[in-house]
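For reference, the structure discussed in these notes is given below.
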Amino acid sequence: MNNTEVADILARMADILAIQGESLHRIMAYRKAAENVAALSRPVEEMWQADELRAIPGIGKTLEAKIDELMRSGRIGAYERLREQVPDGVVALLQVPDVGPKRAALFWKELGVEGVASLEKAARAGRLQTLPGMGAKSEQKVLAGIEALKRLSGRTLLGVALPLAETMLGALLEVPGVVLATPAGSLRRKRETVGDLDLLVAAEDPEPVMARFRELPQVEEVLLSGSTKTAIRTAEGFQVDLRVLEPQRWGTALQYFTGSQAHNIHLRQLALERGFSLSEYALHREEGDVLCSTEEEVYSALGLPTIPPELREDRGEIEAALASRLPDLVEVDDLKGDFQFHTTRSDGHNSLLEMAQAARAAGL
DNA sequence: GCCGTTTTCGGCCCGACTGTTTTCAGTCG
Ligand SMILES: Nc1nc2c(ncn2[C@H]2C[C@H](O)[C@@H](COP(=O)(O)OP(=O)(O)OP(=O)(O)O)O2)c(=O)[nH]1
Ligand SMILES: [Mg+2]
Ligand SMILES: [Mg+2]
């Protein structure tokens with residue numbers, strides 16, 4: 001039983017508990033445990049053998065016992081029972097954008113929907129809008145979500161996402177009043193794959209920026225658009241999120257939108273311990289808000305050195321920063337050469353000479 | 001369900017947008 005398999009089970013337990021209407025904090029506990037098991041650098045089985053499961057953040061007495069049961073018997077009784085109570089197809093509904101645990105439960109219990117295909121049928125037949133809290137518009141959004149799911153599910157390589165981001169940012173930078181425009185989210189953290197594109201823009205007046213964004217040629221569908229945030233979907237089914245805030249809030253805004261979610265939550269907890277409440281708008285204090293125009297100011301106000309985006313996954317970087325023990329990362333400038341590349345002699349796109357010249361031009 | 005140099009119980013990050021709502025739940029970032 002490997003780490004991914006264990007994490008997947010915990011995450012599925014979280015999903016089922018959510019559909020059952022369990023306490024949000026209990027659900028979060030399962031999710032957090034799942035994330036931390038997935039992020040482990042050692043096999044969870046090895047930690048189990050060494051009786052070290054409790055050293056994993058988010059694994060307490062109960063989840064330790066469940067993982068122990070899984071390692072011993074290959075199953076978790078509690079998980080088997082949950083799966084008997086909520087069919088897999090109902091859990092699968094959560095993959096549809098705009099369908100969360102409440103709606104999944106509603107569609108299942110009221111209409112007998114037990115999968116995405118049957119949800120589509122119900123929506124096309126106009127049955128969703130008969131439900132409490134639902135209407136014609138919500139029903140259409142669910143249908144659009146199912147279509148998007150068919151076009152693209154899963155993550156996109158950084159190298160594919162980055163050029164698209166640069167193109168869109170270039171267009172937004174042309175809008176009068178735009179001061180700064182940059183990639184954020186997993187793109188800025190340089191994750192190998194990204195779930196969507198997150199773009200951040202600084203401007204006093206957000207409306208012209210939002211208007212331009214909604215009309216970019218890549219936009220197939222506008223998902224939502226307000227005064228600080230717009231989300232669109234491309235023809236490929238790829239989502240792009242844009243946030244626009246005033247330049248004087250750039251520091252807190254960039255910190256927020258760079259994430260990760262887990263890093264943000266941890267940093268916000270630290271802020272609370274320091275007498276602040278941290279949001280994308282400011283460091284809020286009783287005496288009044290502190291606006292930060294740079295990320296350095298945000299981290300510094302919390303007593304931390306600025307943490308490189310690549311490390312912001314809540315995998316110990318905040319503790320390391322507190323102890324002034326952040327690792328010295330390898331930067332592009334540290335590269336002296338490249339001993340492994342392909343040329344036209346095999347499946348590369350350039351000749352050996354071209355590669356050598358490009359390397360020299362790059363200072364390698 | 002987890003966790004603790006203020007806590008072993010009672011908190012758990014903070015906010016935007018939409019639709020259906022008559023005051024806010026749901027979903028998402
Ligand atoms: N404080 C806070 N920030 C969040 C939360 N969810 C998302 N964010 C911030 C941090 C994220 O990096 C950023 C963009 O959200 P995304 O959902 O696009 O996540 P991210 O880009 O990190 O990963 P992705 O590759 O898109 O799956 O928004 C949240 O629940 N709380
Ligand atoms: Mg993202
Ligand atoms: Mg996003």
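Read-outs throughout are calculated quantities, based only on the coordinates presented, and are distinct from any laboratory measurement. Please read these numbers as outputs of a predicted model, since none were measured by experiment. In this analysis, Cβ positions are derived from the backbone assuming ideal geometry, glycine residues included, and neighbour counts consider all displayed protein chains.
Okay, here's what the table says:
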read-out	value
Long-range HN-HN contacts of residue A:193 with modeled amide H, under 5 Å	A:158
Quarter of Cα convex hull surface for region A:77-187, i.e. mean projection, nm²	10.4
Relative pair counts by distance (%), Cα atoms of region A:3-152, 5 Å bins	2, 9, 18, 19, 14, 13, 10, 8, 5, 2, 1, 0
Karplus-derived 3J(HN,Hα), 6.51/-1.76/1.60, for each residue of region A:323-338, Hz, glycine and proline x	8, 6, 10, 5, x, 8, 6, 6, 9, 4, 4, 6, 6, 9, x, 9
Span from the region A:104-156 Cα centroid across to the region A:311-364 one, whole angstrom	45
Neighbour-count ranking [beta-carbon atoms within 10 angstrom, fewest first] of A:41, A:227, A:300	A:41, A:227, A:300
Reciprocal mean inverse distance between Cα atoms of region A:249-304 - Kirkwood radius, Å	10.7
D_trans [Stokes-Einstein, Kirkwood Rh over alpha-carbon pairs] for chain A, 10 °C, 1.306 mPa s, µm² s⁻¹	67
For A:68, A:15, A:338, order by how many other beta-carbon atoms lie within 10 Å, fewest first	A:338, A:68, A:15
Region A:209-364: translational diffusion in µm²/s, Stokes-Einstein, Kirkwood Rh over Cα pairs, 4 °C, 1.567 mPa s	68
Under-5 Å amide H pairs with residue A:184, H placed in peptide plane, nonlocal only	A:198, A:199, A:200
Restraint check, A:109/A:150; A:32/A:150; A:66/A:109; A:66/A:102; A:121/A:150; A:102/A:141, Cα-Cα greater than 19 Å	A:109/A:150; A:32/A:150; A:66/A:109; A:66/A:102
29 Å Cα-Cα reach of residue A:336 towards lysines, excluding residues that sit fewer than 8 places from it in its own chain	A:190
Ranked list, fewest to most other Cβ atoms within 10 Å of each Cβ, for A:328, A:51, A:241	A:328, A:51, A:241
Amide H within-cut-off set for residue A:293, under 5 Å, with H built and near neighbours excluded	A:251
Spherically averaged projected area of region A:173-225 from its Cα convex hull (nm²)	4.3
In order through region A:295-302: 3J(HN,Hα) via Karplus (6.51 cos²θ - 1.76 cosθ + 1.60), integer Hz, x for Gly, Pro	5, 4, 5, 5, 5, 5, 4, 9
Span from the region A:23-54 Cα centroid across to the region A:236-301 one, whole angstrom	28
J(HN,Hα) series, region A:210-223, from Karplus relation 6.51 cos²θ - 1.76 cosθ + 1.60, nearest Hz, glycine and proline x	4, 4, 5, 4, 5, 9, 4, x, 6, 7, 9, 8, 8, 7
Reachable aspartates and glutamates, given that their alpha-carbon falls under 17 Å from the alpha-carbon of residue A:137 and they are not under 8 places away in the same chain	A:98, A:120, A:147, A:221
Percent RCO, i.e. relative contact order, over chain A, from Cα pairs under 8 Å lying at least 6 residues apart	9
Computed [θ] at 222 nm, deg cm²/dmol, chain A (DSSP H ≥ 4; -39,500 (n - 2.57); rounded to nearest 500)	-14000 deg cm²/dmol
